[in-house]
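Below: one structure, written as structure tokens.
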Amino acid sequence: MQKTWFITGASRGLGAQIARAAIWAGDRVVAAGRQRRAIIDGLGPDSDQLLPVELDVTVADQARAAVDAAVSRFGAIDVLVNNAGYGHLGFFEETTIRDAQAQFATNLFGVFNVTWAVLPIMRSARNGRIFNISSLGGVLGAELASLYCASKFALEGFSESLSKEVAPFGLFVTIVEPGPFRTEFLTPESLRFADKVVTDYDDRRAQLRTFFERRNGQQPGDPAKLAGAIVHLASEAKPPMRFLAGSIAADAADAKLAVMRAELGSWRQLSVSTDGNYSA
């Protein structure tokens, strides 16, 4: 059965790849991005399968207008992919509240804006799949990425809670947690760096920035394959709550779970000792 997808951040990178994979699968796609012209350049003009729409996810009115346009054209939204986002890098002490607000405005509140606009449609239809694109940075924290990881950890908590709220309506939420993939994420167009400098961090800052810059174009993950996996998951009767993408992400999650289990075991006696001696 033909599905209608609504994909944010679809002008390039993973969002564009997901749009192409859905179209190749015979589905219809509403491809949203900040510049409609960029979407058309990458995916093509309006057609029976494609509707490019302009959307800044940080603007709630634009989200509602884009969703209204999608429903007006195709009659429904079956799959929502909240993909729009960017990474702000810098040691926390070198960032500002404006940096944090901007990071959360796109990576978290942008997801809220689009999901608020789409949910009534899916709930009414008693049908829908929501894919929230998180990151390995939503599974474990990393130096130089405190703001980015904070936004993705928050996205994961939201997604897990939302999945329980909408499950009775036949809706599913899947958190996609990619490791390093060969997208534009590490390019200057997608990354932002803190401007403030604290000299104690100079050596590590230089090393880590060099690491990120050299990693660009060398990531092992294939975004076209990840896009295909997401299209596959959209047809699963019971898609997973979390989908770790790539061997690096899977191995890192395994390692974190092992550390968490060991730490829980080591401190379990003290943990349970905090229960009160209350009568029933």
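Quick notes on this structure:
- The one condition from (1) touching a strand residue (DSSP E or B) at 6+ places or on another chain (Cβ under 6 Å); (2) assigned to a loop (DSSP other than H, G, I, E, B); (3) closer than 30 Å to V197 by Cβ that G85 does not meet is (1).
Residue-wise test of (1) surrounded by fewer than 18 Cβ atoms within 10 Å (Cβ to Cβ); (2) at pLDDT below 70.
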residue	(1), (2)
T187	yes, yes
L191	no, yes
V197	yes, no
A206	yes, no
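- Residue within segment 257-278 that is in contact with a Lys or Arg (Cβ under 8 Å, 6 or more places away or on another chain) and either in a helix (DSSP H, G or I) or within 30 Å of G26 (Cβ to Cβ) (or both) present: no
- Residues that are farther than 20 Å from N113 by Cβ, basic (K, R) and assigned to a helix (DSSP H, G or I) within segment 26-41 comprise just one, R37.
- Within segment 42-62, tally of residues that are loosely packed, with under 15 Cβ neighbours inside 10 Å and either touching a residue at least 12 places away in the same chain (Cβ under 8 Å) or assigned to a strand (DSSP E or B) (or both): 2
- Any chance N113 is without any contact (Cβ under 8 Å) to a residue 60 or more places away in the chain and polar (S, T, N, Q): yes
- Residue check for V259: hydrophobic (A, V, I, L, M, F, W, C) and in contact (Cβ under 8 Å) with a residue 24 or more places away in the chain: no
- Of all positions in segment 220-237, at least one carries a residue that is surrounded by fewer than 18 Cβ atoms within 10 Å (Cβ to Cβ) and modelled with pLDDT under 90.
- Hits in segment 3-32 (condition: closer than 16 Å to A63 by Cβ, in contact (Cβ under 8 Å) with a residue 40 or more places away in the chain and not β-branched (V, I, T)): W5, F6, G9, A10, G15, A32
- Hits in segment 56-111 (condition: over 24 Å from G170 (Cα atoms) and among the polar types (S, T, N, Q)): T58, Q62, T95, T96, Q101, Q103, T106, N107
- Residue check, I97 over 30 Å from R204 (Cβ atoms) and β-branched (V, I, T): no
- Checklist (1) surrounded by fewer than 16 Cβ atoms within 10 Å (Cβ to Cβ); (2) more than 26 Å from R242 (Cα to Cα) applied to E143, failing item: (2)
- Scanning segment 120-132 for residues that are touching a residue at least 40 places away in the same chain (Cβ under 8 Å), surrounded by fewer than 20 Cβ atoms within 10 Å (Cβ to Cβ) and part of a helix (DSSP H, G or I) yields a count of 2.
- Residue within segment 211-230 that is over 24 Å from A16 (Cα atoms) and not in a helix (DSSP H, G or I) present: no
- Scanning segment 3-25 for residues that are β-branched (V, I, T), surrounded by fewer than 23 Cβ atoms within 10 Å (Cβ to Cβ) and assigned to a helix (DSSP H, G or I) yields a count of 1.
- Positions within segment 231-256 being more than 20 Å from A21 (Cα to Cα), in a helix (DSSP H, G or I) and of a type in the set (A, V, I, L, M), in sequence order: I248, A249, A250, A252, A253, A255
The values are calculated or read from the model by the stated rules, or taken from the named source; none is laboratory data. Computed from a predicted structure; not experimentally measured. Glycine also receives a Cβ, built like all others from the backbone with ideal geometry; neighbour counts cover every protein chain displayed.
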